[in-house]
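The values are calculated or read from the model by the stated rules, or taken from the named source; none is laboratory data. Since the structure is predicted, the reported quantities are computational estimates derived from the model, not experimental observations. Virtual Cβ from ideal backbone geometry, glycine too; neighbours counted across all protein chains shown. We work out accessible area using only protein heavy atoms, side chains counted, and drop any ligands, DNA or RNA first. Shrake-Rupley method; radii C 1.70, N 1.55, O 1.52, S 1.80 Å.
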Amino acid sequence: MNRLLSATGSALARYLSAPSHCAPVRPPTNLQHLKARIRPGDVLLVEGRSRFSSAIKYLTHSVWSHAALYVGPLDGSAPQDDHSPCFVEADVIEGVRAVGIAEFAGYNVRLCRPVALRTDDVVHVVAEARGRIGHRYDLRHIIDLLRYLLPTPPVPGRWRRRMLALGSGDPTRAICSSLIAQSFQAVRYPILPQIETIRSDE
């Protein structure tokens, strides 16, 4: 079953990685301006243009479909060019990898900076993200994505409940949002919204 899910996920990943025909909401960001402002610990939100990105934007009602964490040059020196690896991201084909700022050329991006994060915490967040380089992308997450796109899948009712558990839960697999969330969780910095349930009197 696991092999079947992984094979299906790989096939879907190749298909969904192809460019879509949706026009970007805003023009590309000037990378030189971005380089002048970005610092380790910053999160880059990206308006992707693949079929996968279009599906994510549809489901989340957001412009942004991808995220990467700026960790600075991997060798600790000043970046030599725009291709020097300095971001950690989870790519649907290659898994968790380090890329240069040139990877986001031609895209609309937004820079997000954590508020009041201490310098030593930034070091831990960056180290956590770097330590995940080489992990695989959670391809079974793509199956979950399709499940949301098909609220009533064409399968017998008794199987639908089982479809809720198709995500891998494997710590050596990641998606871009979980990669960043887990990196900040390492220093107990909350980046997810706090949702409070209030009992109604009615």
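Remark on residue 95: its backbone amide H falls under 5 Å from those of 137, a criterion applied only to residues 5 or more positions apart or on other chains, H modelled at 1.01 Å from N. Between residue 118 and residue 181, the contour length at 0.36 nm per residue exceeds the Cα-Cα span by 21.0 nm. Distance between the 7 Å Cα→Cβ label points at residue 33 and residue 75: 3.1 nm. Over segment 74-129, Cα pairs under 8 Å with separation of 6+ residues give a relative contact order of 24 percent. With both labels modelled 7 Å from their Cα along Cα-to-Cβ, the residue 130 to residue 191 distance reads 1.7 nm.
Each residue of segment 95-105 was assigned a 3J(HN,Hα) from its phi angle through the Karplus expression (A = 6.51, B = -1.76, C = 1.60, θ = phi - 60°), giving x, 6, 8, 9, 9, x, 5, 4, 4, 9, 4 Hz with x at Gly and Pro.
In this structure residue 132 has an accessible area near 40 Å², from a 1.4 Å probe over the protein heavy atoms.
A simple spin-label model places pseudo-atoms 7 Å from Cα toward Cβ; at residue 105 and residue 200 they are separated by 5.4 nm.
Amide H to amide H under 5 Å from residue 66: which residues, 5+ apart in sequence or cross-chain, H placed 1.01 Å off N in plane? Excluding prolines and chain starts, which carry no amide H, the hits are 46, 48.
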